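These notes are about the structure you will find just below.
The values are calculated or read from the model by the stated rules, or taken from the named source; none is laboratory data. Being a predicted model, the structure only gives us computed values, none of them experimental. When we count neighbours, we look across all protein chains shown, and the Cβ atoms used for this are built from the backbone with ideal geometry, even at glycine.
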Amino acid sequence: MTSTVLITGANRGVGLALARHYHDAGWTVIGVCREASFELAEVAARVIEGIDVTREKDVERLVAELEGQALALLINNAGMLHDEVLGEIDFDAIRTQMEINAYAPLRVVEALLPCLGEGAKIANITSRMGSIADNDSGGRYGYRASKAALNAFGKSLAVDLAPRGIAVAQLHPGYVQTRMVGFGGLISPAEAAAGLAERIEALTLETSGGFWHSNGERLPW
């Protein structure tokens, strides 16, 4: 019996690369997204589209679709980046990033707890830009704040889920060549996915709650 992974935002970028990686490794992949892609359909055993993870009704539909489904791994990957400039800050954009990058992963985890048994793992795809100690360039107010919030949520989840035998990690994929950064990154989505999968494989209850770069570097809060 193969293990099952559910990945949000799986239709492109890092999410799609993760779907490909786990498919090639023999996992059963469930891809969740707002709009399906041909590439995702090629590797996912099941695609659940039309899901906006910020909408309660959509998450409720996701739960209904997954009734009775056991998940060995949940990867919260869906995210958004908007670049704010001091003096011209769009607070609506900041609110949207908080909804997508922070609140939605917490909503998804809470909703899918019935699918996560002892030994399951949760990987929150965050960013080193959510590190307060590492911020030496400023800007990106909404993205930084939302990822810092996600890190805080993930740490609390690690504490609260430890008695259930569920481990949680906050993982930075690296500067990846995706649409989010205009394809100007330093590593490919496939390279990022491979590194993320290594960190997930190494995750245990003893290391649960940590914040890592996909290359294995422990990142500061």
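Testing T96 on (1) touching a Lys or Arg at 6+ places or on another chain (Cβ under 8 Å); (2) surrounded by fewer than 18 Cβ atoms within 10 Å (Cβ to Cβ); (3) modelled with pLDDT of 95 or more, one condition comes back false. Which one is that?
Status for T96: all satisfied but (1).
How many of the residues in the stretch 114-148 are outside any loop (DSSP other than H, G, I, E, B) and crowded, with 17+ Cβ neighbours inside 10 Å?
Selection size over the stretch 114-148: 19.
Yes or no, residue by residue, for (1) among the basic types (K, R); (2) assigned to a loop (DSSP other than H, G, I, E, B); (3) in contact with a helix residue (DSSP H, G or I) (Cβ under 8 Å, 6 or more places away or on another chain):
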| residue | (1), (2), (3) |
| --- | --- |
| A10 | no, yes, yes |
| L16 | no, no, yes |
| H21 | no, no, yes |
| G31 | no, no, yes |
| L40 | no, no, yes |
| G50 | no, yes, yes |
| I89 | no, yes, yes |
| D92 | no, no, no |
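When T54 is evaluated against the numbered criteria (1) assigned to a loop (DSSP other than H, G, I, E, B); (2) out of contact with any helix residue (DSSP H, G or I) (no Cβ under 8 Å at 6 or more places or on another chain), which criterion, by number, is the only one it fails?
With (1) assigned to a loop (DSSP other than H, G, I, E, B); (2) out of contact with any helix residue (DSSP H, G or I) (no Cβ under 8 Å at 6 or more places or on another chain) applied to T54, the lone miss is (2).
Name the residue, out of L219, L171, L157, L196, that is buried (at least 20 other Cβ atoms within 10 Å of the Cβ), among the hydrophobic types (A, V, I, L, M, F, W, C), touching a Ser or Thr at 6+ places or on another chain (Cβ under 6 Å) and modelled with pLDDT of 95 or more.
So the residue among L219, L171, L157, L196 that is buried (at least 20 other Cβ atoms within 10 Å of the Cβ), among the hydrophobic types (A, V, I, L, M, F, W, C), touching a Ser or Thr at 6+ places or on another chain (Cβ under 6 Å) and modelled with pLDDT of 95 or more is L196.
Just to be sure I understand the filter: pairs with C-beta atoms under 6 Å, separated by 6 or more residues or on different chains, first member in the stretch 149-169 and under 11 Å from G130 (Cβ atoms), second member polar (S, T, N, Q) and assigned to a helix (DSSP H, G or I). Which pairs pass?
L150/N101
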